[in-house]
Amino acid sequence: MAGARSVFASADGPSDGRQSQRALQIQRGVRRWLRAQGFSSICEVTLKSGRRADVMALSPNGEIWIIEIKSSVADFRADSKWPGYADFCDRFFFATLDDVPAEIFPDEAGFIVADAYGAECLRDCAAVPLAAARRKAVTLLFARAAANALHALADPDGGSGI
């Protein structure tokens with residue numbers, strides 16, 4: 001967990017203060033959609049590359065998805081780090097609100113439209129399975145991040161963790 005500040009600073013869901021209200025709405029809708037499909041998800045996961053995944057999800061069969069939230073055209077254009085996420089997931093998606101044009105997002109990524117209440121996948125993407133060693137490392141990262149988030153909920157002043 002980054003710093004001693006809780007990642008659960010808002011009643012709307014996980015937040016570390018860097019997300020706009022639009023991004024938090026997308027995040028909530030995406031996570032509701034994922035949960036309805038049996039996925040477990042966590043937010044703001046720092047990967048071994050140092051990059052932070054907006055939403056990481058684990059499917060019932062162990063597939064790992066990363067969903068990058070883009071709340072506006074400017075948000076998408078300001079971010080060129082997304083191609084590096086493919087090294088840490090089986091599938092990569094962008095998620096946005098319905099007022100952001102779909103055509104700005106690359107065809108090789110999945111595409112999700114969300115609001116604060118749910119989401120819909122408008123374009124799936126091909127699975128590119130992680131190598132076994134990478135899958136184990138990312139699954140452990142997921143588990144540790146989830147456990148640290150639960151600890152932050154139970155003890156917000158308990159320190160930053162490992």
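Each reported figure results from applying straightforward, stated rules to the coordinates on display, with no laboratory input. Fair warning: this is a prediction, and the values are worked out from it, not measured in the lab. Cβ coordinates were reconstructed from backbone atoms using ideal geometry, including for glycine residues, and neighbour counts include every protein chain displayed.
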Q) Which of the peptides 101-114, 62-75 is most tightly packed, and how do the rest follow, judged by the mean count of other Cβ atoms within 10 Å per residue? A) 62-75, 101-114
(Q) With the alpha-carbon atoms as the only input, what is the per residue convex hull volume for the stretch 91-162 in Å³? (A) 138
Q.
Quick check on packing: order 32-39, 130-137 by the mean number of other C-beta atoms within 10 Å, highest mean leading.
A. 32-39, 130-137
Q: Place a +1 charge on the Cβ of each Lys and Arg in the chain and a -1 charge on the Cβ of each Asp and Glu, then give the dipole magnitude about the Cα centre in debye, rounded to the nearest 20.
A: 520
Q | Share, in percent, of DSSP beta bridges within the stretch 21-154 that are antiparallel, nearest 5 | A | 60
(Q) I need the phi-derived Karplus couplings for the stretch 46-54: 6.51 cos²θ - 1.76 cosθ + 1.60, θ = phi - 60°, integer Hz, Gly and Pro marked x. (A) 7, 7, 4, 6, x, 6, 10, 7, 5
Q) Once the Cα gyration tensor of the stretch 21-154 is found, what semi-axes does its equivalent ellipsoid get, as square roots of 5 times the eigenvalues, in whole Å, sorted largest first? A) 22, 17, 14
